[in-house]
Amino acid sequence: MRYFIYAIIFFSFFDLFTQLPIMSTFAESVGASAFVTGLAVGMYSFSNTFGNIFSGFFTDKKGPFHVLVAGLLLTGAALFLYAFIEEPFALLAIRFLHGLVAGFIVPAAFTYLANETSPEKRGKGGAISGAFVGIAAIIGPAFSGILASRTSAPIVFNFTGICMVVLGLIAVVVLRNQQGHRSTKTASTEVPIRAFFRNSGTLKAFTGAFFLMFSQGVIAYLLPLHVQSLGFDSRMSGMLMSTFGIVAVLVFILPTNKIFDLVKPKYTLALGIGLMGISQLLLSQSSDTTLLYVALACYGVGFGFLFPSINSLLIDSTTKEVRGKAYGYFYAFFSLGVVVGSSLLGWLPINHTQGFILTGTLLIVFALISLMDRQKFVHLA
């Protein structure tokens, strides 16, 4: 069951990453203006935020099984709709629908994993699930870019849609009788939303998730501009992003991942986010390929430490009765981080060097704040 859930996590993020190289050009091909194209790109993450929250709520209420199956099948159906798009506003509507229903999958899948993982192995478990996310980040863009160039963007969406539907049908058989799919929520375990933000562990996990993807959005926006300003072409940007992904996956899967079960997650969180901040500062000063690769390798190590840490914090701070809702908010902050990171620096009157410095400083400040002990005002149970 565990490896099947890993497969679901892989294809959920594969769906996300295959969109990156082709969505802008696909939007233009159906007549979208520059503004609508940007809106179409961001619409997925916007509606995904609501899908994550809905998923968390219904996972606690009904159990992750129904939410996960519905998410897989509905996402598959939404992906097939791209083939029928002929004008920009239809694209916006389908992007909203796609992001919304895809948001059901990840919180339910991670709730399954968390509920089936023993406490002493939750860090390593988070690292392995992070490895599947990293592999999707490496394979997805390359796969969609090659397939779309030889066929068309809707073919890419159809392929991913078929995978989602097949996974959904298999899930009906494989997961139906698993104990982890049953809800244990009762009236006595109802937890108000504000409680998640008054608990030190969940608050750090949510904030860590936001800054992880905020930083990722900044990298996606500024790195190509910085590389171009140094006289390199887009292939260099792709190689640098692959370097980050490969290094992160190595951190996730090497035997050193046992550190996530031996060291308190607040320390590995601070190390991870601090390394990501340092990498942004290195990028601001980089003028040759060597420093660029060093910066992205440093970013990959930081990413590799941060993802399992925030996952462990969330597990340690919640019980099964409220974990679905916690993961819903957790991945909502992921989606918000992408939107804010990729758009905020575009609005500010600063160049790419200043953008890296600003982001690096924010990440390092958060790393220091995360080390501060704070009473858990509310126990989530």
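Miscellaneous remarks
- Exposure of TYR44 as accessible area (Å², to 10), given a probe of 1.4 Å and all protein chains: 10
- Protein-only accessible surface order, largest first, of GLU321, GLU28 at 1.4 Å: GLU28, GLU321
- Among LEU254, LEU16, LEU345: highest mean-square fluctuation, GNM of the chain, C-alpha pairs under 10 Å: LEU254
- Listed residues ARG198, ARG122, ARG235, ARG95 arranged by accessible area, highest first, probe 1.4 Å: ARG235, ARG198, ARG122, ARG95
- Taking a ≥ b ≥ c as the square roots of the eigenvalues of the Cα gyration tensor, an a/c ratio of 1.5 or more together with a/b larger than b/c marks region 216-333 as prolate.
- The string of couplings for region 3-15 from the Karplus curve (6.51, -1.76, 1.60, θ = phi - 60°) is 6, 5, 5, 4, 4, 5, 4, 4, 6, 5, 7, 4, 4 Hz, one whole number per residue in order, with x for Gly and Pro.
- Each residue of the chain gets 127 Å³ once the volume of the Cα convex hull is shared out per residue.
- Solvent-accessible ranking of PHE80, PHE356, largest area first, probe 1.4 Å: PHE80, PHE356
- Pairs of lysines in the chain (C-alpha under 21 Å apart; 8 or more residues apart or interchain): 29
- A simple charge model with +1 on the Cβ of Lys and Arg, -1 on the Cβ of Asp and Glu and nothing else charged puts the dipole of the chain at about 1160 debye relative to its Cα centre.
- Length added when fully stretched, MET1-THR151, from 0.36 nm per residue minus Cα-Cα: 50.5 nm
- At an R0 of 35 angstrom, the distance between the Cβ atoms of PHE89 and SER242 translates into a FRET efficiency of 0.50.
- Our note on the geometry: Cα centres of region 306-364 and region 57-133, 18 Å apart.
- Extended-chain gain in nm, criterion 0.36 nm per residue less alpha-carbon gap, TRP347 and SER229: 40.5 nm
The values are calculated or read from the model by the stated rules, or taken from the named source; none is laboratory data. The shown structure was predicted, so the numbers you read here are calculated from the model rather than taken from an experiment. Reconstructed Cβ throughout: ideal geometry from the backbone, glycine too, with neighbour counts over all protein chains shown. Ligands, DNA and RNA are excluded from the accessible area calculation, which covers all protein heavy atoms including side chains. Shrake-Rupley method; radii C 1.70, N 1.55, O 1.52, S 1.80 Å.
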